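S.K.: Quick one: the structure is below, questions incoming.
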Amino acid sequence: MIEIKTLSTGSKGNCYHISDGSTQLLLECGISFKDIQKGLDFETSKLAGVLVTHEHKDHCKGLDSVLKRGLNVYMSRGTKETLGAEHHRIKSVESKKQFKIGTWTILPFDVQHDVSEPLGFLIQNSSGEKLLFATDTYYIKYKFTGLTHLMIECNYDQQTLDDNVLNGYVHPAMRKRVMRSHFGLENLLEFFKANDLSRVQEIWLLHLSDGNSNEERIRTAVARATGKMIYIP
């Protein structure tokens, strides 16, 4: 059984904890290890590794602190080179080349963001449960089968973003940047249509913008489209 805990989400820092009862992983390290310890009630001895999607600070700000604690960190070569990070515990991984951490089998895949070689991760445990983790991407070109858990970005909804531009809260250039680098509600609904969600147990909607998203509108639309249990941390 996959258990998910959000330690932090959004522009201030992203970090999530997953466990299948045997192996514990962190997804992103956008907060310090001290904050990770607090979020996990100081039970961090069983952490087996950290997956990092890309180099933006809200996803890897705590990199040095997790490395100092002896955790292996997995990221693309492009992310590693952009960060200028050299450490024996940083492991470079490639899109569509799977690897294992404990009882998890992990398949990285390329996503669409304004950084160097960003990744999403398809994470499967030995029981056959499949978790899809995708954030900071405006589009996912792949289709997935057998998904049981979704942790996926829904950064904005078009109506709220357009209203903010109209009212002068968001510059038109920023609107374009948001739409070309983050998953919005409308694209997310299209992703749901394109994929088999029949086995999905729960959907976690991540990285909602403080200003460009309407949580109630997003929750209602996703619930109507999927009929699944929805969490918005």
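S.K.: Kindly evaluate PRO108 against the criterion of being surrounded by 21 or more Cβ atoms within 10 Å (Cβ to Cβ) and touching a helix residue (DSSP H, G or I) at 6+ places or on another chain (Cβ under 9 Å). Even if it seems obvious, please write down each step before you answer.
M.R.: Values: surrounded by 21 or more Cβ atoms within 10 Å (Cβ to Cβ): yes; touching a helix residue (DSSP H, G or I) at 6+ places or on another chain (Cβ under 9 Å): no.
Against the criterion (surrounded by 21 or more Cβ atoms within 10 Å (Cβ to Cβ) and touching a helix residue (DSSP H, G or I) at 6+ places or on another chain (Cβ under 9 Å)), PRO108 does not qualify.
S.K.: Then there is this: Being assigned to a helix (DSSP H, G or I), touching a helix residue (DSSP H, G or I) at 6+ places or on another chain (Cβ under 7 Å) and free of Cβ contacts under 8 Å to residues at least 40 places away in the same chain: is that true of SER65 here? Full working, then the answer.
M.R.: Working: assigned to a helix (DSSP H, G or I): yes; touching a helix residue (DSSP H, G or I) at 6+ places or on another chain (Cβ under 7 Å): yes; free of Cβ contacts under 8 Å to residues at least 40 places away in the same chain: yes.
So SER65 fits the description; yes.
S.K.: Could we say that THR79 is farther than 30 Å from ARG180 by Cα and modelled with pLDDT of 95 or more here? Even if it seems obvious, please write down each step before you answer.
M.R.: Numbers: farther than 30 Å from ARG180 by Cα: no; modelled with pLDDT of 95 or more: yes.
Spelling it out, it is not the case that THR79 is farther than 30 Å from ARG180 by Cα and modelled with pLDDT of 95 or more.
S.K.: Within the stretch 1-20, track down each residue that is surrounded by fewer than 21 Cβ atoms within 10 Å (Cβ to Cβ), among the hydrophobic types (A, V, I, L, M, F, W, C) and in a strand (DSSP E or B).
M.R.: Hit for the stretch 1-20 is ILE4, nothing else.
S.K.: Can you give me the number of residues within the stretch 68-112 that are touching a residue at least 40 places away in the same chain (Cβ under 8 Å), more than 23 Å from TYR139 (Cα to Cα) and small (Gly, Ala, Ser)?
M.R.: 1
S.K.: Evaluate the stretch 154-172: report whether one residue or more is closer than 21 Å to GLU28 by Cα, assigned to a loop (DSSP other than H, G, I, E, B) and out of contact with any strand residue (DSSP E or B) (no Cβ under 6 Å at 6 or more places or on another chain). It would help to see each step written out before you state the result.
M.R.: So the first thing to find is which residues in the stretch 154-172 are closer than 21 Å to GLU28 by Cα, and the list is 154-156.
Now drop any that are not assigned to a loop (DSSP other than H, G, I, E, B), which leaves 154-155.
Now narrow it down to the ones that are out of contact with any strand residue (DSSP E or B) (no Cβ under 6 Å at 6 or more places or on another chain): 155.
Yes, there is a match, as at least one residue in the stretch 154-172 is closer than 21 Å to GLU28 by Cα, assigned to a loop (DSSP other than H, G, I, E, B) and out of contact with any strand residue (DSSP E or B) (no Cβ under 6 Å at 6 or more places or on another chain).
The values are calculated or read from the model by the stated rules, or taken from the named source; none is laboratory data. Predicted model, so just to flag it, every value in this text is computed and none were measured. Don't worry about glycine lacking a Cβ; one is built from the backbone with ideal geometry, like all the others, and counts go over all protein chains shown.
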